[in-house]
Amino acid sequence: MQTLSDRTRHTMSRILSGEAGGRLRPLVFAGPAIIASVAYMDPGNYATNIQAGAGYAYSLLWVVLLANIIAMLFQALSARLGIVTGKNLAELCRDNFPRPVVWIMWAVSEVAAMATDLAEFLGGAIGLALLFGLPLMAGMAITAVLTYAILIFERQGFRPMELVIGALVLVIGLCYLAQMLIAPVDWAGTVAGLTTPALPDATALTIAVGIVGATVMPHAIYLHSGLTQGRITVRNDAERRKLLRFTNIEVIAALAVAGMVNMAMVMMAASAFHQGHTDVAEIETAYHTLTPLLGAAAAAIFLTSLIASGISSSVVGTMAGQMIMQGFLHIRVPIWVRRLVTMVPAFVVVAAGVNATEALVMSQVILSIALPVPMIALVIFSVRRDLMGEHVAGPAVRLLAGLGAAIVLALNFVLLATAFGIPVPFLAG
């Protein structure tokens, strides 16, 4: 009996060979970018976007837009790498870099994976705790059970998992569409924030780096190459070119949705909190403040989206962590062990009494500092003709990828400079 994934592969093969057609052909190939896009709507985004909107209104929307454009480019390169080489990014690092470099890259990537899971796990737990009036530890336990239950779908093939994650992404998107209808958005301010780059002060810079860290995710870059590497067998270069075209369409569409959700988060926070509540910086405070400002329905919608975000991104984070470990070390551990290991930091943070939202924001800064590792590796492999053949990155893509990596590195450098008290001339105040 054919599974859902087997039937999908058969349909894909018929489309690539030209036996099947239709306008909806790209939808058959959808899945990897949708899963990767979850990383761009995780609870870390909620924390940084609430701070951005409450403290600076619409003025940091350009950071969200820029980060999303960079994300589209690097996710497309990651997907291409998996399709063309048949290997994921971590495997290529292991095969092509000196052993000491591989160990360092793995260590940095593992720290990033744990920081990722901290944000995702805490976000889902906070949402459940607030919505149902539970202790945070109880919310964490429920999140753990739900994420493991969803991970079991992976045993049924790639398509069931993609459909489950896709449904959760739809919930997040619909929640923020509803928020936009409830919140009185300043559309002129939105346009100005998207088109006028500005960093008012050092705090805005920290939030901007957090936005980049929450948007362009190290584990998503690793994961996307693995999701595409063995999904469908291509029989010739013509089929590979067609598959790459469908993949690029999916990346643009999925990450455009993720980008709009992130912008909606900032816009909602700017609309609800900037006038009179600029100090709102925590998810819990945002929820309690939303109720009198926009009504109980808006607050409940906010928490529903947070729960969907936390659970789906926690599942994706575990998948990415497994791929990173397997790729760098050639070690595969049972998924429940990986889930248990990545949950430990979240439980430690809560048990130690650390503010959950502050932990979310700092996790995004850690991710931003770790981000150059997969970005630079991806650029190196994408320009190697011996690996990519005719699909090697062209001059324009090389320039844009180098520029994107340089922007992230520059933001990280400025963040470290301000952390150590080194003055940065272009920052106001």
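The values are calculated or read from the model by the stated rules, or taken from the named source; none is laboratory data. This structure is a prediction, so every number in the text was calculated from the model and none was measured. Here the Cβ positions follow ideal geometry from the backbone for every residue, glycine too, while neighbour counts run over all protein chains shown.
Here are the numbers for this structure:
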{"quantity": "All positions within region 13-33 that are modelled with pLDDT of 85 or more, over 22 Å from Val316 (Cβ atoms) and not hydroxyl-bearing (Ser, Thr, Tyr)", "calculated": "Arg14, Ile15, Leu16"}
{"quantity": "Within region 267-276, tally of residues that are touching a residue at least 40 places away in the same chain (Cβ under 8 Å) and either surrounded by fewer than 22 Cβ atoms within 10 Å (Cβ to Cβ) or closer than 13 Å to Thr215 by Cα (or both)", "calculated": "1"}
{"quantity": "Sole residue being part of a helix (DSSP H, G or I) and without any contact (Cβ under 8 Å) to a residue 24 or more places away in the chain, chosen from Ala144, Ala138, Ala192", "calculated": "Ala138"}
{"quantity": "Residue match in region 217-227 (condition: in a loop (DSSP other than H, G, I, E, B), closer than 30 Å to Pro423 by Cβ and of a type outside the set (Val, Ile, Thr))", "calculated": "no"}
{"quantity": "Residues that are in contact with a Gly (Cβ under 8 Å, 6 or more places away or on another chain) and either of a type in the set (A, V, I, L, M, F, W, C) or over 30 Å from Glu284 (Cα atoms) (or both), drawn from region 36-67", "calculated": "Ala39, Ala47, Ala57, Leu60, Leu61, Trp62, Val64, Leu65"}
{"quantity": "When residues of region 73-91 are limited to those that are touching a Gly at 6+ places or on another chain (Cβ under 8 Å) and in a helix (DSSP H, G or I), the one nearest to Ala30 (Cα to Cα)", "calculated": "Gly82"}
{"quantity": "Single condition Ala297 does not satisfy, out of (1) assigned to a helix (DSSP H, G or I); (2) more than 30 Å from Leu177 (Cβ to Cβ)", "calculated": "(2)"}
{"quantity": "Residue within region 201-215 that is closer than 15 Å to Leu81 by Cβ and among the charged types (D, E, K, R) present", "calculated": "no"}
{"quantity": "Matching option when the condition is assigned to a helix (DSSP H, G or I) and either under 27 Å from Thr289 (Cα atoms) or among the polar types (S, T, N, Q) (or both), among Ala39, Ala107, Ala115, Ala67", "calculated": "Ala39"}
{"quantity": "Criterion (out of contact with any Lys or Arg (no Cβ under 7 Å at 6 or more places or on another chain), more than 29 Å from Val28 (Cβ to Cβ) and either surrounded by fewer than 18 Cβ atoms within 10 Å (Cβ to Cβ) or modelled with pLDDT of 85 or more (or both)) met by exactly one of Gly123, Gly127, Gly166", "calculated": "Gly127"}
{"quantity": "Residue tally, condition aliphatic (A, V, I, L, M) and either under 16 Å from His274 (Cβ atoms) or in contact with an Asp or Glu (Cβ under 9 Å, 6 or more places away or on another chain) (or both), over region 195-206", "calculated": "2"}
{"quantity": "Hits in region 195-236 - residues which are surrounded by fewer than 24 Cβ atoms within 10 Å (Cβ to Cβ) and over 26 Å from Ala47 (Cβ atoms)", "calculated": "Gln229, Gly230, Arg231, Ile232, Thr233, Val234, Arg235, Asn236"}
{"quantity": "Test for Phe246: is it crowded, with 24+ Cβ neighbours inside 10 Å, more than 28 Å from Leu409 (Cβ to Cβ) and of a type in the set (Phe, Trp, Tyr)", "calculated": "no"}
{"quantity": "Elements of type helices (runs of 4 or more DSSP H) contained in region 310-429, each with 1 or more residues being touching a Gly at 6+ places or on another chain (Cβ under 8 Å) and either modelled with pLDDT under 90 or of a type outside the set (S, T, N, Q) (or both)", "calculated": "335-351, 356-370, 372-382"}
{"quantity": "Region 115-137, subset more than 19 Å from the chain's Cα centre (by Cα) and small (Gly, Ala, Ser), residue farthest from Val316 (Cα to Cα)", "calculated": "Gly133"}
{"quantity": "Which listed residue, of Arg245, Arg231, is at pLDDT 90 or above and either on the phi > 0 side of the Ramachandran plot or of a type in the set (D, E, K, R) (or both)", "calculated": "Arg245"}
{"quantity": "Region 313-344 - residue that is under 16 Å from the mean Cα position of the chain (by Cα), of a type in the set (Gly, Ala, Ser) and within 20 Å of Asn88 (Cβ to Cβ) and, of those, surrounded by the fewest Cβ atoms within 10 Å (Cβ to Cβ)", "calculated": "Gly321"}
{"quantity": "Residue in region 22-41 that is of a type in the set (S, T, N, Q), crowded, with 16+ Cβ neighbours inside 10 Å and either touching a residue at least 12 places away in the same chain (Cβ under 8 Å) or over 22 Å from Ala320 (Cα atoms) (or both) present", "calculated": "yes"}
{"quantity": "Positions within region 323-335 being farther than 14 Å from Ile152 by Cα and touching a residue at least 12 places away in the same chain (Cβ under 8 Å), in sequence order", "calculated": "Met323, Ile324, Met325, Gln326, Gly327, Phe328, Leu329, His330"}
{"quantity": "Of all residues in region 195-213 being touching a Phe, Trp or Tyr at 6+ places or on another chain (Cβ under 8 Å) and part of a helix (DSSP H, G or I), the one that is farthest from Ala39 (Cα to Cα)", "calculated": "Thr195"}
{"quantity": "Filter result for the condition that a residue is crowded, with 23+ Cβ neighbours inside 10 Å, touching a His at 6+ places or on another chain (Cβ under 9 Å) and in contact (Cβ under 8 Å) with a residue 24 or more places away in the chain, over Ala113, Ala71", "calculated": "Ala113"}
